[in-house]
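Colleague: Take this structure, written in C-alpha cells, and hold onto it; I'll ask about it next.
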Amino acid sequence: MLKWSRGPHRRYNPLNGEWVLVSPHRNQRPWQGQVEHVARTDQPLYDPECYLCPGNARAGHARNPSYTSTFVFDNDFAAMQLDTPVVRFEKQGLLVAETEPGSCRVICFSPRHDLTVSQMDLVALREVVNTWVSQYQELGAHPAINYVEIFENRGAMMGCSNRHPHCQLWANRTLPNEPLKEQQSQAAYQGSKRACLLCDYVTLECASAERIVCRNASFVALVPFWAVWPFETLVLPTRHVTALDELTGVARDDLAEILKRLTTRYDNLFGVSFPYTMGFHQRPTDGQAHPEWHLHAHFYPPLLRSATVRKFMVGYEMLAMPQRDTTPEQAAARLRETPESQGI
Ligand code: H2U
Ligand code: ZN
C-alpha cells in the first residue's frame, strides 16, 4: 500500500457498494473552523435530574425501578409503534409511502450515572451483552419485526441527550437503508463466491495486520480499508456468526472485553471521553437462515485530528461522495500505539 499512502485515490466499500475519496496529502491543511468542547468532566454516581438513573421520574408518569444491573424500557417518545397497521400509498411510482410498525426501547447499561463503556467492569459489560442478545431474540421473535437495530450515541456532539450509559434499540418491519445495502452485498458475494464476504475480509486483514487495532480469541477490531470517518472501526467475530444470538458464552465474554479495550483506546487517543455512534449489523429476524450475514459492529467517531476538531459530512461529501485525509492505515497505527490502560 506504500504509494497509496500519498496520492489521492478512491476506495471501494464491498459492504455497502459505495466509494470513498482518500486524499492523504491534504492532512496538513490549516483549520479555522468551529472548535468543539469535549473535555472529560467528573460526573456524579447518581444524578437526581437524570431520567435514566434508578428511581427517577421519566417523561409522562413513568418512574424507573431501583435497578441494579441493566434496565430496559419502552422509549417514551418511540419513533414507531408495534400496533401500526400496514398500509401503502403510491402515485405513479413517484409518491410512495408505507406505514412502518416497530418498537423502540432504551437499554441502561448500569445504575451508575458516571460510567462509560470504557470504565465499566467486564462482569457488568457481559450483562450488557446478555441484554443485547435477549432483546434481539425477544423483539426479533415478534411477527411484525424483521430487523433489530441496536445502537449507542455517545457525547453531545453525536446527539446523545444524556450522559448516563445507555443505548437504544429500534426494531421494525422492513430492513433500514444501511442493513439493506449490506444485505444485498453479502448475498451477492455469497451467491457468486460461495463464501461469506466478511469471513474472507477478516482473513485478508489478519494476514496483513496493517489495519488491525486489537483482537482477542473471538473478535478483531480494525479500521476498515474503506473507512469514511477518521477513526472508524469495525468489530468482527473471527469465525462465522450471523447474529448476537449465535455467540457462544466465551464469545460473549470476548465481545465485552474487546468493546472495553477499543473504547479505552478511543478515550486515550485524544484524552477525552470520546464521542461516537456505534451499532450492530446482523441477521434480519424475518425467519430466514441468512447464511450470508456476518455479525459486526461499526464505530463512527466524529473527531478528526485533535479533541476539538470535528468531521462533518457536508459540501462535496453531501453532494458527491465521502472523503477522508488520514488513511485508514495511519488511523489504525495511531489507535494501535494508544495504550489500553485507563486514565492515560
Ligand atoms: P439518546 O441519548 O441517544 O438521545 O437516547 C435517549 C432516548 O431516551 C431518546 O430516544 C428517550 C428519548 O426519546 N427518553 C425516554 O424514553 N424517556 C424520557 O423520559 C426521556 C428520554
Ligand atoms: Zn443517570
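The values are calculated or read from the model by the stated rules, or taken from the named source; none is laboratory data. Note that the structure is predicted; figures quoted are calculated from it, not measured. What goes into the accessible areas is simple: the full protein's heavy atoms, side chains included, and nothing from ligands, DNA or RNA. Shrake-Rupley method; radii C 1.70, N 1.55, O 1.52, S 1.80 Å.
Colleague: Given the DSSP H assignment, sum -39500 (n - 2.57) over each helix run of at least 4 residues in the chain and divide by its residue total; what's the result at 222 nm in deg cm²/dmol, nearest 500?
Modeller: -8000 deg cm²/dmol
Colleague: Per residue, how large is the accessible surface of the chain? Use a 1.4 angstrom probe and give square angstrom. Kindly include the intermediate steps, with their values, before the conclusion.
Modeller: Details: 16080 Å² over 344 residues.
Averaged over the residues of the chain, the accessible area is 47 Å².
Colleague: Let me ask something additional. Rounded to a whole number, what % of the accessible area of the chain do carbon and sulfur atoms account for, probe 1.4 Å? Intermediate results must be reported in sequence, preceding the final value.
Modeller: Details: 8900 of 16080 Å².
Exposed carbon and sulfur together represent 55 percent of the surface.
Colleague: I've got another one for you. If you take every DSSP beta bridge whose two residues both sit in the chain, what share of them, in percent to the nearest 5, is antiparallel?
Modeller: Counting DSSP beta bridges with both partners in the chain, the antiparallel share is about 95 percent.
Colleague: Could I ask something else about it? What lysines sit close enough to K193 to cross-link, taking a C-alpha to C-alpha distance under 20 Å and skipping anything fewer than 8 places away on the same chain?
Modeller: The reachable lysines, counting only those whose Cα sits under 20 Å from K193, are K181.
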